[in-house]
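First up is the structure itself, then whatever we jot down about it.
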Amino acid sequence: MKKIQAWIEKYLVPISNKITSNYWFSIVADAILYIVPFSMVSAIPSLWSILLKFFPELPDLSPLSQYSFGLIGLFVVFIIPYNCLVKEEKKDRSLIAGFTGIGTFMLCMNITKTDGGSLVDLGKFGAGGMFTAMFVGLIVAVIYRCLARFSFFGEDSVLPDFVKNWFDNIIAILLSLFAGYIVTFVLKVDVFTMVQFLMKPVTGFAQSLPGFITIVCLQNIFYFFGISGWVFTPVTRTITQAAIAENAAMMAAGKAAINVYSFGASRYYHIGGQGATLPVAIMMLFAKSKRYRLLGKATIIPSCFNINEPLQYGAIVNNPFMFIPTVVLSILLPAITWLCLTYGFGTIHYVNFDMNFLPNPICAFIMSGGDWRNAVIVLINLAVAAVVWYPFFKAADKDMAEKEIIKEKEKAAKKAAKLAAKQAKVTEE
């Protein structure tokens, strides 16, 4: 165990820290976090759609989702160049950089013109266009960063700053749009298709059983050594949101959803939070160790709503008793989930519902379009997690209780020695 920890700390942790501190990675990570509120807003129409099944006379609220979650690609392509210029301390150019990102993104759509107007594929504006939005946003950001220090005017120019700003942005705007024009209209390349083709090895692997397990294993193992799973969010959220958007489109077309690793898949293996620690929180309430009992009381309610950072860092991170169940569950739970959903026991998620703090069975029920079997899968995984955690937690609890007894005895001995010394001193006097 110590050798594994030393190897991870020596080789993997520095790589992880280098990636997360990378200039461009941090910009993309910020962009992903910015769009979370829009994804959460789309949860309202998702809940409403369930009511519509029972009360069809109610109004359709799906436009709320279409113009929030359905436009996150557009939001991302704005945020990436914007953030880049803010990092470069060129906030006066940041808004125009964001607008340039939107313009270039839409230029790459090669919108079809008809006699009646223009045909626009709205799917490209949302999660379906996320990878392309990130690609275009980064290209525009690189161009703006290269020209961030360029100006047509000297510092002593008498022109107003906003006028200078107009002219100083012209080259970056032209280069960004011209790059999109050359690729789309001269070379006749469909940027969206190209990006999807380039990402296919990654997204395809994520949807396979080995890929699904690998992703969860990496998240859980890194978390065990103190590195939060949020590190993976820019990659995992982009994959899962694009996947659920594709699932929704397939269901709308009368086809079956195929992407198991889509948004909300974590509801089946992060039960009570990352690592499926809800059983641990429950077991702690009945622990022999005072430390674990107190931690259980403090974390049981947050764990019911998938908030387990205090539990993870208080009982699991770097605890040698907890390493094996962490790894075993990161294999078993994704495997059970993948097999159940792939072979028809449950419905693959196709409803976007970004309310991860609700109990997992509820989320699974809603995101599957109201299939009760998905809630059953969560409960099965919860039972499996409890069985796997139990012997290891009991061993950890026994070890902790024995340490507490030894500590109490040492404390009592020190207190007795101090009292004896005090009495001896009084006797001598």
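Values as computed for the structure displayed
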| read-out | value |
| --- | --- |
| Unsatisfied cross-links (Cα-Cα over 26 Å) in the set LYS288/LYS409; LYS297/LYS394; LYS394/LYS414; LYS297/LYS418; LYS288/LYS418; LYS18/LYS188 | LYS394/LYS414; LYS297/LYS418; LYS288/LYS418; LYS18/LYS188 |
| Relative contact order, percent, segment 43-151 [alpha-carbon distance under 8 Å, six or more residues apart] | 34 percent |
| Cα gyration tensor, segment 195-267 - rounded (a/c under 1.5), prolate or oblate | prolate |
| Segment ILE111-LEU33, extension gain: residue separation times 0.36 nm, minus the distance between their alpha carbons | 25.2 nm |
| Other-chain or far-sequence residues with amide H under 5 Å of GLY126's (modelled H) | GLY73 |
| Surface share of carbon and sulfur [accessible, 1.4 angstrom probe, percent] for segment 339-429 | 68 percent |
| Per-pair calculated FRET efficiency, R0 = 51 Å: SER208 and PHE150 via Cβ, rounded to 0.05 | 0.65 |
| ASN22 versus ILE405: modelled label distance in nm, points set 7 Å from Cα along the beta carbon direction | 5.2 nm |
| The chain - convex hull of the alpha-carbon atoms, volume per residue in Å³ | 242 Å³ |
| Percent carbon-and-sulfur accessible area, segment 201-296, ignoring ligands, DNA and RNA, probe 1.4 Å | 71 percent |
| Mean Cβ neighbour count within 10 Å, used as a protection proxy, ranking 210-216, 139-145, 54-60 highest first | 139-145, 210-216, 54-60 |
| Magnitude of the charge dipole, the chain, Cβ model with Lys/Arg +1 and Asp/Glu -1, debye to 20 | 1800 debye |
| The chain: DSSP helices with Cα axial extent of at least 20 Å and average Kyte-Doolittle hydropathy no lower than -1.0 | 72-87, 91-107, 130-146, 161-181, 191-207, 209-224, 233-252, 290-304, 323-342, 372-428 |
| Max mean-square fluctuation residue, GNM over the chain, Cα-Cα springs under 10 Å, options ALA256, ALA172, ALA242 | ALA256 |
| Positive-end residue, the chain charge dipole about Cα centroid, Cβ charges, pick of ALA256, ALA148, MET284 | MET284 |
| Relative contact order for segment 161-277, counting Cα pairs under 8 Å that sit 6 or more residues apart, in percent | 16 percent |
| For segment 335-429, the spread of Cα positions along each principal axis, largest first, Å | 85, 26, 15 |
| Segment 224-278, accessible area per residue, ligands and nucleic acids excluded (1.4 Å, Å²) | 30 Å² |
| Computed FRET value (nearest 0.05) for ILE307 with GLU88, which takes r as the C-beta separation and R₀ as 41 Å | 0.70 |
| Label-to-label distance, nm, for residues given as LYS418 and PHE54 (7 Å Cα→Cβ offset) | 6.3 nm |
| Accessible area per residue, Å², segment 282-389 with all protein chains present, probe 1.4 Å | 43 Å² |
| Contour excess over end-to-end distance, with Cα ends at ILE171 and ARG291 and 0.36 nm allotted per residue | 36.9 nm |
| Relative contact order, percent, the chain [alpha-carbon distance under 8 Å, six or more residues apart] | 15 percent |
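The values are calculated or read from the model by the stated rules, or taken from the named source; none is laboratory data. All of these numbers come straight from a predicted model, not from anything done at the bench. Glycine also receives a Cβ, built like all others from the backbone with ideal geometry; neighbour counts cover every protein chain displayed. With ligands, DNA and RNA removed, areas are computed over all heavy atoms of the protein, side chains included. Shrake-Rupley method; radii C 1.70, N 1.55, O 1.52, S 1.80 Å.
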